[in-house]
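Taking it in order: structure first as structure tokens, then the write-up.
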Amino acid sequence: DDPRRRDFINIAAVSFAGVGAVAIVLPLINQMNPSADVLAASTTEVDVSKIASGQAIKTSFRKQPLFVRNLTPKEIAEANAVDVGSLRDPQTLAERTKPGKENWLITLGVCTHLGCVPLGAGEGENKGPFGGYFCPCHGSAYDTAARIRQGPAPKNLVVPDYNFTSDTTVLVG
Ligand code: FES
């Protein structure tokens, strides 16, 4: 049992992400290019049942990368051990997750510097010096709560609106 193989998951095998855009048919809407208001109303359902502790998937939400990560107890402890007042964008892990579901870290996969996709959610990717995500463009490093810790990015990775609609289903948006 190679421990490295627990760091990732095969997206194709386990990820179901459906875009639940409200299907109101309006004239002049090109379905290949949904208008901004239709896109803004779209939701994404993610089945997290196959994401084991320590694993993450990359999917998408409103055409942007979305990371869904199942934090280990150690990663949660690391996030909670940080002096929040010392952070550039002060937030606790609890403020970035749902009560009782603090292991589920759900963020956009968009660096808050200039928008590159950080590494750390995919197979064998570099999680950076703080164990969360690492942006290869200019070296921003995020911790296990996806908070900015080093490098030029001004803000934590964005946590979108979401809710658990079952123990293993997340509705994002
Ligand atoms: Fe991520 Fe610049 S875009 S560090």
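Derivation of every value follows stated rules applied to the coordinates shown; laboratory data play no part. These numbers were taken from a predicted model, which means no experiment stands behind them. Please note: Cβ atoms are built from the backbone with ideal geometry, for glycine as well, and neighbour counts cover all protein chains shown.
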Please compute the modelled spin-label separation between Gln150 and Glu95, points set 7 Å along Cα→Cβ, answer in nm with one decimal.
2.3
Projected label distance in nm at Asn126 and Ala77, using a 7 Å step from Cα toward the beta-carbon
2.8
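Within 10 Å of each candidate Cβ there may be at most 16 other Cβ atoms; applying that plus a DSSP loop requirement, which trypsin sites (Lys or Arg not before Pro) in the stretch 66-116 survive? Don't jump to the answer; show the numbers that get you there.
Numbers: sites: Arg69, Lys74, Arg88, Arg96, Lys101; in loops: Arg88.
Of the trypsin sites (Lys or Arg not before Pro), the ones in loops of the stretch 66-116 whose Cβ has at most 16 other Cβ atoms within 10 Å are Arg88.
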Quick check: pseudo-label points 7 Å beyond the Cα along Cα→Cβ at Ser86 and Val38, how many nm apart are they?
5.0
In the stretch 111-166, what chymotrypsin sites (Phe, Trp or Tyr not before Pro) fall in a loop by DSSP, with at most 12 other Cβ atoms inside 10 Å?
none
